[in-house]
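**Student:** Got a structure for you, written out below as C-alpha cells; questions coming shortly.
The values are calculated or read from the model by the stated rules, or taken from the named source; none is laboratory data. Just so it is clear, the model here is predicted, and its values are computed rather than measured. Here Cβ is always computed from backbone atoms with ideal geometry, including for glycine, and neighbour counts include all displayed protein chains.
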Amino acid sequence: MRLLKEIRPLIGNYNLKSGVYHFYRNEYTQAAEYLRKLLDDDQTDDSDRKRARHYLTLSLMDSARRLESQGDLGGAVEELKRAAESSPRFPDIHYRLGRVLEMRKSRPEARDEFRKAIEQNPEYLEAHISLGFNLLESGDAEQSAEAFSRALDLKHSKTQTLFDDGLRLLEAHDAESAAARFHEAFLAVPQLSEEYIDKALARLRVDEFEEALTELDRALELNPNYPDLHNYRGICLCELNRFEGAIEAFRRSATLSDGFVVPRLNLAFTHIRAEDWRDAEAELEAILTKDPTEPAAKAALDEIRSDRRPEKRRKVSRGTAR
C-alpha cells in the first residue's frame, strides 16, 4: 500500500525517510541501502524497525516485479529471496517466488515456495492451484490430485460464503451490497486484475491520476475486495481534490485490510486536506490508540491541536467521487 505524499516525510528517522523517499521514486537499490542501515543499527526502536522491514520488503518485491518485466528472471528470483529473508511469514512473496521459479523451469524449488505460501496461509487458493499443476507436470499424480481437491474445497467454500452473504443482504434490502457479494462470488478474476494494477501504478508514478483511476476501476470490476486497489483509488481521488470519494475509498480499504495503518493514515490526511478537522482528529486519535508510536499521526495531531492550525482557511472544494 502507498501513502499520500505529505505523510512520507513524517514517518520516522533519517534512514527510514530516505528509504521511503527512494522507494516512491522507484529507486529500489538506494531504498534498500538506507533501510538496511536502519535495520543494522542496534539503537533502532521496534516501531521504526517494523516500518523499515515493511518498506524493505516492498522495495525488494517491486524491484523483482520490474526485473521480471525486463526478462531478468534470475535477478527477480534473487530479489524475492531477499524479500523472503526480510519477511518470511509473508505468503505472497513465496507464491510470487514460486511463479518466477516455474518460469525458469526450477520446479522442485517452485514447489517448495508454493508449500511455504500455503504454510503461512492455508487458504491461499492460488498457491494450492499452482502446487497442483507443478506436481502434475512433475509426474506426481497422487499429490497433484490432493492439491487440486484442496483448491476445489477452498473455492467452493469461498463461493458459498459470498453467496450466503449476498442472500442475507438481499433479505435485509441492501441490494447494492448484495450485488457486490454476488459479483465477487461469480465474476471476480483476481489474477487478470494484476495487468490493470501494473498500468495504474505506472500512471501513478507520473502523476497521471485520471488515467490511473480508469485502470483501477477496471481492476476493481475483476477484484472488488482487494484493499490495495481501494487505497490506490483513494490516492487518485484525493490528488484530484475529490475528497468525498477518496474518504470512501480509504475507509473501504481500511475495512478490507483489518484496519491496516496506511489507508487509515491516508483517510486522516484526506480529512485534513478537506479541512474536516474534527473527523481528522478522530481518525488520528484512533490510529494512536492502536499504535501510540505512529509518528505521522502524532505530528499531524499535534499540528491540529496547536495554535498553528489554520482555523479560518477557506474550505477546499470537495469535488465528486467520479
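**Student:** Restricting to segment 58-71, count the residues that are more than 17 Å from Tyr21 (Cβ to Cβ) and either β-branched (Val, Ile, Thr) or in a helix (DSSP H, G or I) (or both).
**Tutor:** Of the residues in that region, 7 qualify.
**Student:** Hey, does segment 225-237 have a residue that's crowded, with 20+ Cβ neighbours inside 10 Å, assigned to a loop (DSSP other than H, G, I, E, B) and within 17 Å of the chain's Cα centre (by Cα)?
**Tutor:** Yes.
**Student:** Could you check Met61 against (1) touching a residue at least 40 places away in the same chain (Cβ under 8 Å); (2) surrounded by 22 or more Cβ atoms within 10 Å (Cβ to Cβ) and say which number it fails?
**Tutor:** The one condition Met61 does not meet is (1).
**Student:** Against the condition buried (at least 21 other Cβ atoms within 10 Å of the Cβ) and either without any contact (Cβ under 8 Å) to a residue 60 or more places away in the chain or aromatic (Phe, Trp, Tyr) (or both), how does Arg89 come out, does it pass?
**Tutor:** So Arg89 does not fit the description; no.
Quick grid of which residues meet (1) closer than 26 Å to Ala180 by Cα; (2) crowded, with 22+ Cβ neighbours inside 10 Å:
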| position | (1), (2) |
| --- | --- |
| Leu256 | yes, no |
| Phe260 | yes, no |
| Arg264 | yes, yes |
| Asp276 | no, no |
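**Student:** Go through (1) under 25 Å from Ser130 (Cα atoms); (2) touching a helix residue (DSSP H, G or I) at 6+ places or on another chain (Cβ under 6 Å) one by one and return the number of the condition Ala200 breaks.
**Tutor:** Looking at each condition in turn, Ala200 falls short on (1).
**Student:** Go through segment 27-77 and report how many residues are in contact with an Asp or Glu (Cβ under 7 Å, 6 or more places away or on another chain) and under 15 Å from Asp198 (Cβ atoms).
**Tutor:** Of the residues in segment 27-77, 4 are in contact with an Asp or Glu (Cβ under 7 Å, 6 or more places away or on another chain) and under 15 Å from Asp198 (Cβ atoms).
**Student:** Return the residues of segment 115-169 that are charged (D, E, K, R), within 26 Å of His183 (Cα to Cα) and in contact with a Ser or Thr (Cβ under 9 Å, 6 or more places away or on another chain); say none if nothing qualifies.
**Tutor:** Listed by number, the residues that qualify are Glu123, Asp165.
**Student:** When you go through Ala141, Ala172, Ala147, Ala117 one by one, which is the residue that is outside the structural domain of Ser87 (by TED's automatic domain parsing) and not acidic (Asp, Glu)?
**Tutor:** Ala172
**Student:** Cβ contacts < 7 Å: first residue buried (at least 18 other Cβ atoms within 10 Å of the Cβ), restricted to segment 1-20; second residue modelled with pLDDT under 90 and part of a loop (DSSP other than H, G, I, E, B), any location; separation 6+ or different chain. Result?
**Tutor:** What qualifies is Met1/Phe260; Val20/Ile11.
**Student:** Among Arg49, Arg8, which is out of contact with any Leu (no Cβ under 8 Å at 6 or more places or on another chain) and among the basic types (Lys, Arg)?
**Tutor:** Exactly one of Arg49, Arg8 is out of contact with any Leu (no Cβ under 8 Å at 6 or more places or on another chain) and among the basic types (Lys, Arg), namely Arg8.
**Student:** Has segment 171-186 got any residue that is farther than 30 Å from Lys50 by Cα, of a type in the set (A, V, I, L, M) and at pLDDT 95 or above?
**Tutor:** yes
**Student:** Something else: Within segment 199-238, track down each residue that is among the charged types (D, E, K, R) and touching a residue at least 40 places away in the same chain (Cβ under 8 Å).
**Tutor:** Answer for segment 199-238, where residues must be among the charged types (D, E, K, R) and touching a residue at least 40 places away in the same chain (Cβ under 8 Å): Arg205, Asp228.
Table: residues versus (1) under 30 Å from Lys116 (Cβ atoms); (2) surrounded by 14 or more Cβ atoms within 10 Å (Cβ to Cβ).
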site	(1), (2)
Leu131	yes, yes
Ala147	yes, yes
Arg150	yes, yes
Asp153	yes, no
His156	yes, no
Leu170	no, yes
His173	no, no
Ala178	no, yes
Ala188	yes, yes
